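Worksheet: the structure to be examined is printed underneath.
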């Protein structure tokens, strides 16, 4: 079963600068050979369910090994059996529609 | 590794009445012998990481078998290595503080 | 527009014991006269959109005033125009189905 | 109060193809003159709290006007008073660290 997952790991008890820990998670995901896409409030991950969820577990293990006493993670995850869909296709299907709407606007009046 | 997880499974493509599918997920969790607590926007689950996450996967599998073409799930999950903490303890620690504050208020002036 | 919202506020930079801050948020919600329901990974809130979201903002303001330097909040929120539905009805519709399934099982064989 | 928010709007009761509705939300956000960043499981938004949350409400209103009977939205949102931080800075602080780690690896041995 393929899954597209969005991962936001929040280490607690280590102050307010979290980029060191987010970077460690990014490395876990990359070393698991998963397709990832970092954004400003998490990371998109694409792959087989077991492989992806195993990497999420490893993120928690690695952070605890780095001394993080407590972690609170927020995840969105999607599966579908009607058709295959990649992360890239999801973004492109919206961008294509946005572009179509933009092109239809009267010249010089669009906000974007 | 113990985990406290909050699970909100959203079946797509099957209309707006979702309780049949939420019930199926509740049964998966209960048959996995996990401690669960149903609320109005999800279900708290407590147990060992592998057991809990395996049950989440089974929720997706069971719903797809019921004909749900697409599922989007939202999860919060917490682990800690500083001490053990149950779902019940989390709720009680807040309720105890709320009660303490309530008792300190002048009589007849409290909102709750 | 009515909304059912699930709120999980995570204060950062104040260590691992968060119940003091969760309690402060509970008080904000109660003093806003909103129906709330505390669980182990957040709080269900029910009310008018503006009233509920204004209380969420106030939670952030109160926590920052208490000295919390950074907050990361996770929210689920639902609106519907097909019919009215309360938090209690959402839970009861699942519990009723679960009870129905339980009663149909052969005696002495149920897991729950 | 500045906020960085991640928005994932899920329309229910309109089948499995959601890009039409996601596009409508993107337009609401852009017409509110908010900085946005679309990814595969939501959209990052940056701005003043009231402006951003007002746009989220408008997304629900516009989708209901388009005929969506029920909406379930997942949000992450962060505020901080210790310093200003943009979405771009959050991503760059991790990317910089990732690049640093990559450059330090022995040649020909990196995974990425």
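The values are calculated or read from the model by the stated rules, or taken from the named source; none is laboratory data. A quick note: this is a predicted structure, and the numbers were derived from the prediction, not measured. Don't worry about glycine lacking a Cβ; one is built from the backbone with ideal geometry, like all the others, and counts go over all protein chains shown.
Among the numbered criteria (1) within 12 Å of chain B (Cβ to nearest Cβ); (2) touching a helix residue (DSSP H, G or I) at 6+ places or on another chain (Cβ under 8 Å); (3) over 20 Å from residue A:73 (Cα atoms), which one does residue C:44 miss?
All conditions are met except number (3).
Looking at D:60, D:64, which one is farther than 19 Å from residue B:8 by Cβ, within 7 Å of another protein chain (Cβ to nearest Cβ), outside any strand (DSSP E or B) and more than 15 Å from the chain's Cα centre (by Cα)?
Criteria check complete, one pass: D:64.
Filter the stretch B:82-104 for residues that are touching a residue at least 24 places away in the same chain (Cβ under 8 Å) and within 7 Å of another protein chain (Cβ to nearest Cβ); which is farthest from the chain's Cα centre (by Cα)?
B:90
Give me the residue from the stretch A:1-47 that is in contact (Cβ under 8 Å) with a residue 40 or more places away in the chain, in contact with a strand residue (DSSP E or B) (Cβ under 8 Å, 6 or more places away or on another chain) and assigned to a loop (DSSP other than H, G, I, E, B) and, out of that set, nearest to residue A:68 (Cα to Cα).
A:13
Condition test on residue D:6, is it surrounded by 20 or more Cβ atoms within 10 Å (Cβ to Cβ) and facing chain A (nearest Cβ under 7 Å)?
Considered against the rule, which asks whether it is surrounded by 20 or more Cβ atoms within 10 Å (Cβ to Cβ) and facing chain A (nearest Cβ under 7 Å), residue D:6 comes out as yes.
I'm trying to understand the selection: among the residues of the stretch B:67-81, which are assigned to a strand (DSSP E or B), more than 29 Å from residue D:17 (Cβ to Cβ) and more than 16 Å from the chain's Cα centre (by Cα)?
Residue satisfying the conditions is B:80 alone.
Please work out which residue is farthest from residue C:69 (Cα to Cα), limiting yourself to the stretch D:61-74 and to residues that are crowded, with 22+ Cβ neighbours inside 10 Å and touching a helix residue (DSSP H, G or I) at 6+ places or on another chain (Cβ under 8 Å).
D:68
Residue under question is residue A:72, and the condition is that it be over 17 Å from residue D:39 (Cα atoms) and facing another protein chain (nearest Cβ under 9 Å); does it hold?
So residue A:72 fits the description; yes.
Within the stretch B:36-47, is there a residue that is modelled with pLDDT of 95 or more, exposed (fewer than 15 other Cβ atoms within 10 Å of the Cβ) and farther than 19 Å from residue C:6 by Cα?
Within the stretch B:36-47 (the criterion being modelled with pLDDT of 95 or more, exposed (fewer than 15 other Cβ atoms within 10 Å of the Cβ) and farther than 19 Å from residue C:6 by Cα), the answer is no, since none of the residues qualifies.
Which pairs do you get when a residue that is modelled with pLDDT of 95 or more, found in the stretch D:70-81, comes within reach of a residue that is surrounded by 22 or more Cβ atoms within 10 Å (Cβ to Cβ) and not in a strand (DSSP E or B), reach meaning Cβ atoms under 6 angstrom, with the pair 6+ apart or on two chains?
Filtered contacts from the stretch D:70-81: D:71/D:60; D:71/D:63; D:76/A:41; D:79/C:60.
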